[in-house]
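Okay, structure first, notes after.
The values are calculated or read from the model by the stated rules, or taken from the named source; none is laboratory data. Just so it is clear, the structure is predicted and the values come from calculations on it, not from any experiment. Here the Cβ positions follow ideal geometry from the backbone for every residue, glycine too, while neighbour counts run over all protein chains shown. Just so you know, the surface numbers come from the protein's heavy atoms only, side chains and all, with ligands and any DNA or RNA stripped out. Shrake-Rupley method; radii C 1.70, N 1.55, O 1.52, S 1.80 Å.
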Amino acid sequence: MIRAAIVGLGWWGQVLAKAIHGKSGKIAVIRGVTRTPSRAAAFSDETGIPVDADFEALLTENTIDALILATPHSQHVAQIEAAAAAGKHVFVEKPLALTAEGAARAFDACRAAGVVLAVGQNRRFLPAVADLKAMVGSGVLGRILHVEGNFSGPSGYRHKPGVWRATGAESPSGGMTGKGLHLTDLMIDMFGPPAEVDARSFR
């Protein structure tokens, strides 16, 4: 049984924790850490998971095997490096980092420490995506000449003014940071890494 701690208990962090809490024989969330524990009081009462604000103490806790990071994007690299140095496995929400250099640092830290680093690209596991990947792999679609993705939905309207997800510092690629990333990940998963990239952003 993997004993995990969830770090970051905003809306999505609570979704992640509740998705596995009491539902898996392989992993259990046994502790939560968030900047403002009072905002997660109802979550703690509902789940029985104790919550505090001490990330540093979490790293020295020998009953914790892994961290689930649902924190602001800009915090990921430093938190991953700290977790790796403490010998803890990491599941981190996407994006892994905001720069290629940061992503490399996170990857190298976990590889050097011999811990697993996983990124939450959950759409790879959707049944429709699995079916599409099988079709691509079997050749039933023939030679793939062009791939195009479109992400359309109202989730941006859920963000209140000033929320960190909507800031340029945390989402420097605009819509690509949170949503478009899923589409590029699926393209790479199905067709392999690109030979070159040309990025254009329009508003």
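List of remarks:
- Taking strands (runs of 3 or more DSSP E) as the structural unit, those lying wholly within region 2-92 and holding at least 1 residues that are over 23 Å from residue 158 (Cβ atoms) and either more than 15 Å from the chain's Cα centre (by Cα) or among the small types (Gly, Ala, Ser) (or both) correspond to 2-7, 27-33, 66-69.
A quick yes/no check of all residues on (1) among the acidic types (Asp, Glu); (2) touching a Lys or Arg at 6+ places or on another chain (Cβ under 7 Å); (3) farther than 18 Å from residue 76 by Cα; (4) outside any loop (DSSP other than H, G, I, E, B):
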position	(1), (2), (3), (4)
118	no, no, no, yes
137	no, no, yes, yes
144	no, no, yes, no
190	no, yes, yes, yes
201	no, no, yes, no
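- Filtered residue count, region 127-136, keeping only those that are open to solvent by 70 Å² or more (accessible area, probe 1.4 Å) and touching a helix residue (DSSP H, G or I) at 6+ places or on another chain (Cβ under 9 Å): 2
- Selection within region 28-61 - within 17 Å of residue 89 (Cα to Cα) and either open to solvent by 40 Å² or more (accessible area, probe 1.4 Å) or small (Gly, Ala, Ser) (or both): 28, 30, 32, 56, 57, 60, 61
- Against the list (1) part of a helix (DSSP H, G or I); (2) open to solvent by 50 Å² or more (accessible area, probe 1.4 Å), the condition residue 178 fails is (2).
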